[in-house]
Amino acid sequence: MGRYLIRRLLIAVPSLLGISVVLFTVLALAPGDPFGELASNVNVPPEVAAGLRAKFGLDDPIALRYLRWLLAMLHGDWGFSFVSRMDVDTLIRQRLPATLLVIGSSQLVALLIALPVGVYSALRPYSLFDQIANLLAFIGFSLPTFFTGLLFILLFSIYLDWLPFVFQADISATGWQWYWEEFKQAVMPVSVLALLQAASWTRYVRSAVLEVIRLDYVTTARAKGLPERTVVVKHIVRNALIPVVTLVALQMPALFGGAIVTEQIFRIPGIGSLLISSILANDTPVIMAVTFVFAGLVILFNLVADILYGWLDPRIAYR
Amino acid sequence: MAGSTLASPTVSTGQQHSLAAAPASPGIETWRRFCRHRLAVASTAILAAMLLAVAFGPLLWQVPINDIDFGAHLEGPSWAHPLGTDDLGQDLLARMLYGGRISLAVGLAAALVAIIVGTAIGAIAGMSRGSIDAALMWLTDLFLSLPPLPLLLLVIYLFRESLKQLVGPEFGTFILIVAVIGGFRWMQVARLVRAQFLSLREKEFVEAARALGMSSSRLVVRHILPNSLGPIIVAGTIDVAAAIIAESTLSFLGLGFPPDIPTWGRILFDAKDYLDIAPHWALFAGGAIFLAVLSINFIGDGLRDALDPRTSA
């Protein structure tokens with residue numbers, strides 16, 4: 001298991017490097033120049049502008065600039081936000097917990113919905129329950145997150161007036177009241193994301209269970225007289241989860257898209273809304289850093305999926 | 001296999017042998033299997049109606065999309081304005097019809113870009129063994145692990161202004177959005193095509209054609225590609241839905257088309273601040289996106305049943 005883990009970690013490094021190359025190339029190919037304003041400013045003599053360019057190494061070959069940028073990123077020097085007037089890494093560290101909280105709890109809720117529904121549909125394929133679940137799943141992943149969010153606000157905040165639709169980072173209440181308020185404001189964003197995830201996961205779980213259920217060892221388990229519960233939980237679900245984990249990991253990048261939209265709708269102070277506001281404010285260092293963090297998170301979650309995979313399927317770890 | 005038992009009696013067997021290059025399943029049989037998926041048939045009708053509406057609707061409903069009338073702002077549906085009006089009193093039906101053209105066109109064009117790029121990369125990887133294959137698949141996996149929306153936003157942020165100056169705000173944004181959405185969605189198609197190619201190039205009929213002296217490129221175009229069309233079509237259909245969502249998301253975040261081009265996502269973006277007083281505004285736009293995406297997804301599901309007998313167990 002330890003060696004397997006180390007191998008997966010080593011595989012993640014080239015992916016991160018690849019992503020950093022893609023990001024840097026996009027930035028380098030983009031028209032526009034950080035010193036463009038200096039060049040057109042008549043008060044700045046050309047030799048001063050040229051000196052500044054040389055000082056910051058803007059005329060160096062692209063490979064050298066990339067290496068310098070990468071080293072700075074590795075040192076934790078992520079640049080300075082022009083708009084927020086603080087270091088980018090501090091800014092991201094402030095915003096990241098909210099994003100992770102929303103994404104994490106939505107994954108959990110999605111799992112709690114998708115697993116039972118998917119398994120139950122597959123155990124009774126083409127039953128009424130299965131057909132309704134299938135229809136709802138189609139509706140679920142055809143509903144764009146921004147529309148689900150607006151529908152939720154319309155229903156729960158405006159008509160029913162149960163939940164607040166603007167996320168507050170500093171709630172004045174204390175104790176249980178504080179937890180209650182936090183819970184109330186997290187319900188809508190979390191369920192918007194969870195519904196999207198649960199819809200596609202239900203279909204994955206269903207088809208994976210359908211694949212496993214007709215295998216011989218399941219028949220054997222039933223023939224041994226094991227209770228149905230044990231057959232389903234220990235023999236069917238555990239093996240069906242192996243392909244599901246892969247598919248879930250593949251979905252991860254799309255989830256971050258949903259998270260950005262959700263944060264924007266409910267005004268959650270996470271890195272997704274930070275990305276949008278810095279794009280609108282032309283704050284390049286923050287944009288680069290947030291995109292990189294998102295890519296890093298995808299790789300991190302892929303790593304988690306690999307570890308889960310090794311746990312679900314011991315054959316892999318020994319290979 | 002199941003495929004051979006399904007062969008319909010309307011097709012003579014002799015024809016199948018002589019037409020090795022024709023698509024694997026005869027058209028009638030495919031159509032019959034598609035029709036068995038009732039939701040897919042209904043979705044086709046809905047989508048056709050939407051396409052007709054956005055194509056010919058503006059000719060029938062000749063209300064200008066930017067006719068400002070503050071006397072009639074934020075009105076609900078009425079005879080004068082069947083879908084109501086927005087905050088400037090502009091007619092929503094006209095705006096929805098006009099915007100639908102762009103939303104659906106972006107979806108189709110972006111999916112086309114994704115299919116072309118994906119097919120090309122998958123075909124090259126599938127036909128060439130060794131290092132080229134490995135490199136292309138590494139690239140595909142790398143793209144699969146990139147988060148698409150943050151990168152879409154980054155690319156649009158960086159390139160928007162210069163492309164606008166080059167070819168004008170409307171067309172520039174269109175090209176940019178189509179290219180970028182397509183450029184981040186080709187991976188699934190590439191993997192499918194490569195897998196198809198790997199298995200097809202070892203089949204007897206391909207070997208026979210090669211033995212007859214057919215060149216590699218002709219082999220791909222005449223024999224291998226037509227036989228791998230099924231999964232490509234299915235993946236492409238799903239891509240149209242995903243591209244429509246991607247475009248609407250960009251517009252909804254205020255980073256897609258400029259404000260004077262009312263795509264469905266853009267209408268929703270404008271409507272979200274008036275949710276409490278004019279919910280019809282957001283509901284019509286969001287409902288249109290939802291209906292289009294849902295019906296495309298159902299059509300994709302029906303096509304999967306029709307074109308790929310193995311998965312329709």
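Nothing in this text is a laboratory measurement; each read-out follows from the coordinates by a stated rule. None of the values given here were measured: they were computed from a predicted structure. Neighbour counts run over all protein chains shown; Cβ positions are idealised from the backbone, glycine included.
In order along the range B:220-227, the phi-based Karplus estimate (6.51 cos²θ - 1.76 cosθ + 1.60, θ = phi - 60°) of 3J(HN,Hα) comes to 5, 5, 8, 10, 6, 4, x, 7 Hz; Gly and Pro are listed as x.
Taking a ≥ b ≥ c as the square roots of the Cα gyration tensor eigenvalues, with a/c under 1.5 meaning rounded and otherwise prolate when a/b beats b/c, else oblate, which class fits the protein assembly as shown? Because its axes are fairly even, with a/c under 1.5, the protein assembly as shown counts as rounded.
Distances between placed amide hydrogens fall under 5 Å for A:F80 paired with A:V88, all partners being 5 or more residues away or on another chain. The dipole here belongs to the range B:107-213: it is taken about the Cα centre, uses +1 on the Cβ of Lys and Arg and -1 on the Cβ of Asp and Glu, and is about 20 debye. Here's the list of lysines a cross-link from A:K234 could span, going by alpha-carbon distance under 18 Å and ignoring same-chain residues fewer than 8 apart: A:K224. In this simple spin-label model, placing a label point 7 Å from the Cα along the Cα-to-Cβ direction at both A:E228 and A:D313 gives a separation of 2.9 nm.
Just so you know, the Cα atoms of the range B:222-313 work out to an Rg and Dmax of 17.5, 59 Å.
Here the spin labels are modelled as points 7 Å beyond Cα on the Cα-Cβ line, and at A:W162 and A:H75 they lie 5.4 nm apart.
When A:S172, B:S251, A:S105 are arranged by Cβ crowding within 10 Å, least crowded first, meaning fewest neighbours, the order is A:S172, A:S105, B:S251. Cβ-to-Cβ counts within 10 Å put B:S103, A:S278, A:S84, A:S142 in ascending order as A:S84, A:S142, A:S278, B:S103, the fewest first.
I need the shape label for the range B:260-300. Rule: rounded when a/c is under 1.5, else prolate if a/b > b/c, else oblate, with a, b, c from the alpha carbon gyration tensor.
Values: a/c = 4.09, a/b = 1.93, b/c = 2.13.
Oblate.
Backbone phi angles across the range B:97-106, fed through the Karplus curve with coefficients 6.51, -1.76 and 1.60 (θ = phi - 60°), yield HN-Hα couplings of 5, 5, x, x, 4, 6, 4, 5, 5, 4 Hz in residue order; Gly and Pro are listed as x. Note that the range A:137-153 has calculated 3J(HN,Hα) couplings of 5, 4, 4, x, 8, 8, 7, x, 4, 5, 6, 4, x, 5, 4, 4, 4 Hz, one per residue in order, obtained from phi through the Karplus relation 6.51 cos²θ - 1.76 cosθ + 1.60 (θ = phi - 60°); glycine and proline are x.
So, with +1 on the Cβ of K and R and -1 on the Cβ of D and E, and no other charges, what is the size of the charge dipole of the protein assembly as shown about its Cα centre, to the nearest 20 debye?
About 2760 debye.
Annotation: amide H of B:D91 within the under-5 Å range of B:D67, sequence separation 5 or more or interchain, hydrogens built in the peptide plane.
Rounded to the nearest 20 debye, what is the charge dipole size of chain B about its Cα centre when +1 sits on each Lys and Arg Cβ and -1 on each Asp and Glu Cβ?
Numbers: 21 positive and 23 negative charges, 311 e Å.
Approximately 1500 debye in magnitude.
When only alpha carbons are used to place a centre, the range B:90-107 and the range A:215-279 end up 35 Å from one another. Counting other Cβ atoms within 10 Å as a rough exposure proxy, the listed residues B:R191, A:R65, A:R95 run A:R65, B:R191, A:R95 from fewest neighbours to most. Each residue, A:I139 and B:L212, gets one label point 7 Å from its Cα in the Cβ direction; the gap between the two is 5.3 nm.
Ranking A:G149, A:L160, A:L241 by how far each Cα lies toward the positive end of the dipole of the range A:143-259 (charges on Cβ) leaves A:L241 at the top.
What does the C-alpha gyration tensor say about the overall shape of the range A:93-148? Classify as rounded when a/c is under 1.5, otherwise prolate if a/b is larger than b/c, or oblate.
oblate
Counting only lysines at least 8 places from A:K184 when in the same chain, those with an alpha carbon closer than 28 Å to its own are B:K272.
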